[in-house]
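Have a look at the structure below before the remarks.
The values are calculated or read from the model by the stated rules, or taken from the named source; none is laboratory data. In this text the structure is predicted, and so the values were computed from the model without any measurement. Because the Cβ atoms are built from the backbone with ideal geometry, glycine has one as well, and the counts that use them run over all protein chains shown.
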Amino acid sequence: MSAMSPTRACDPWAVYTAKSFREGNAEEVLTDRQKAIIDVLGETGGIEIEQLAQRLSTPMPELERDIATLRHMEKLKGQLRDGRKLLVLW
């Protein structure tokens, strides 16, 4: 699946689609892992993806897919702090 459909964090069409659903009053449904990611980011104020994977005990490919989904929904974004790439809440 990953070879045929690689994870893309920057996908304008996916962002547009997510916004359209939100504006159309479609109910947003997050998985338990996506909720956990948002909770960790709220607690820490920002975390590196490797640390997040360890904290949630989640394999990197699965975590990257959830992060891409949350980025498309504008729930989280990347931020550079002190030369480190962090995930932070939108």
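What the table shows:
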| read-out | value |
| --- | --- |
| Where a residue in the stretch 74-89 is without any contact (Cβ under 8 Å) to a residue 24 or more places away in the chain and its partner, wherever it lies, is in a loop (DSSP other than H, G, I, E, B) and loosely packed, with under 12 Cβ neighbours inside 10 Å, with Cβ under 8 Å and at least six apart | LYS77/TRP90 |
| Given (1) at pLDDT below 90; (2) outside any loop (DSSP other than H, G, I, E, B); (3) surrounded by fewer than 11 Cβ atoms within 10 Å (Cβ to Cβ), index of the condition CYS10 fails | (2) |
| LEU52 vs. criteria touching a residue at least 12 places away in the same chain (Cβ under 8 Å) and of a type in the set (A, V, I, L, M) | yes |
| Filter result for THR17 (surrounded by 15 or more Cβ atoms within 10 Å (Cβ to Cβ), at pLDDT below 90 and at negative phi) | no |
| Residues of the stretch 65-84 satisfying the condition of being over 15 Å from LEU30 (Cα atoms) and surrounded by 12 or more Cβ atoms within 10 Å (Cβ to Cβ) | LYS77, GLY78, GLN79 |
